[in-house]
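The values are calculated or read from the model by the stated rules, or taken from the named source; none is laboratory data. All figures in this text were calculated on a predicted structure; none of them were measured in a lab. Every residue, glycine among them, receives a Cβ derived from its backbone with ideal geometry; neighbour counts consider all protein chains shown. Please note that ligands, DNA and RNA were not included when accessible areas were found on the heavy atoms of the full protein model with its side chains. Shrake-Rupley method; radii C 1.70, N 1.55, O 1.52, S 1.80 Å.
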Amino acid sequence: MARKILIILFFGLGLYYVFLFQTIDSSLKMVFKLLPMLLLIALAYLTKVPVKSRYYWLILIGLIFCAIGDYTLQWFIIGLSFFLTGHIFYIFAFRSVNKAKTPLYVKIVLGLYGAAMMIWIAGSLFQKGDTILAIAVTAYILVILTMGWTSFRTGSAFAIIGAFLFIASDSILAINRFMFDVAYAHELIMFTYYAAQFFLMLSIAQYFKISSKTEIKSVQ
């Protein structure tokens, strides 16, 4: 019952922040931004699993670092560092599982996409003389694409969807911040961001279901 209430609150507050952002008083905007993430952290912690495995804890820690990143993103490099750390925890979570291989076409698409984004965005920052920021953005692109790459190891559709929604969210954010204004940027960035984190939270339970089936098959 408590979990259902938290999910309802997450969707209600998340959608309110995404689509009614302009109606929120400026002093409360950060509070409303963080509340959905705090609810997701609580949902992840309350996920009913027989054993709180490494995957469980790594996803939970990743959510916590991303929530801190939400607050510190007002100081961009600091916020970026927290998000990057969160992604590294997600990568460790995905790498703790070795159920499936990443399809070749996914590797090719991610590689080409990453190269294009680095040339376009990081290259533009280098030309402007923002060397530190360009290096930070390059590192971030490499890490988040690695997260998308390794998500396939889980065999979890929720983990894969979450990882690629995160890539979409951060791509829109980077383009909007560094290249040109994206129409409905706030709505697109935050909707895909909250959705990504929600699916990553759901992947905890799905991971255990997949693991249980694999163990049963191996015994048979």
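The table below lists the values:
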item	result
Hits in the stretch 32-52 (condition: over 18 Å from the mean Cα position of the chain (by Cα) and surrounded by 14 or more Cβ atoms within 10 Å (Cβ to Cβ))	F32, T47, V49
Members of the stretch 53-63 that are surrounded by fewer than 20 Cβ atoms within 10 Å (Cβ to Cβ) and closer than 22 Å to A136 by Cβ	I61
Search result, residues across the stretch 12-28 that are without any contact (Cβ under 8 Å) to a residue 12 or more places away in the chain, assigned to a helix (DSSP H, G or I) and under 20 Å from A185 (Cβ atoms)	L15, Q22, T23
Which listed residue is closer than 23 Å to I161 by Cβ and either of a type in the set (S, T, N, Q) or in contact with a helix residue (DSSP H, G or I) (Cβ under 6 Å, 6 or more places away or on another chain) (or both), from S53, S26, S81	S53
Test: residue in the stretch 137-149 that is free of Cβ contacts under 8 Å to residues at least 24 places away in the same chain and under 14 Å from the mean Cα position of the chain (by Cα)	no
Single unsatisfied condition, V18 versus (1) open to solvent by less than 30 Å² (accessible area, probe 1.4 Å); (2) under 30 Å from D130 (Cα atoms)	(2)
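For (1) part of a helix (DSSP H, G or I); (2) hydroxyl-bearing (S, T, Y); (3) surrounded by fewer than 21 Cβ atoms within 10 Å (Cβ to Cβ), each residue gets a yes or a no:
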position: Y90; (1), (2), (3): yes, yes, no
position: T102; (1), (2), (3): no, yes, yes
position: V106; (1), (2), (3): yes, no, yes
position: I132; (1), (2), (3): yes, no, yes
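This table checks each residue for (1) more than 26 Å from F178 (Cα to Cα); (2) assigned to a helix (DSSP H, G or I); (3) at pLDDT 95 or above.
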position	(1), (2), (3)
F10	yes, yes, yes
K52	yes, no, no
L60	yes, yes, yes
Q74	no, no, no
F83	no, yes, yes
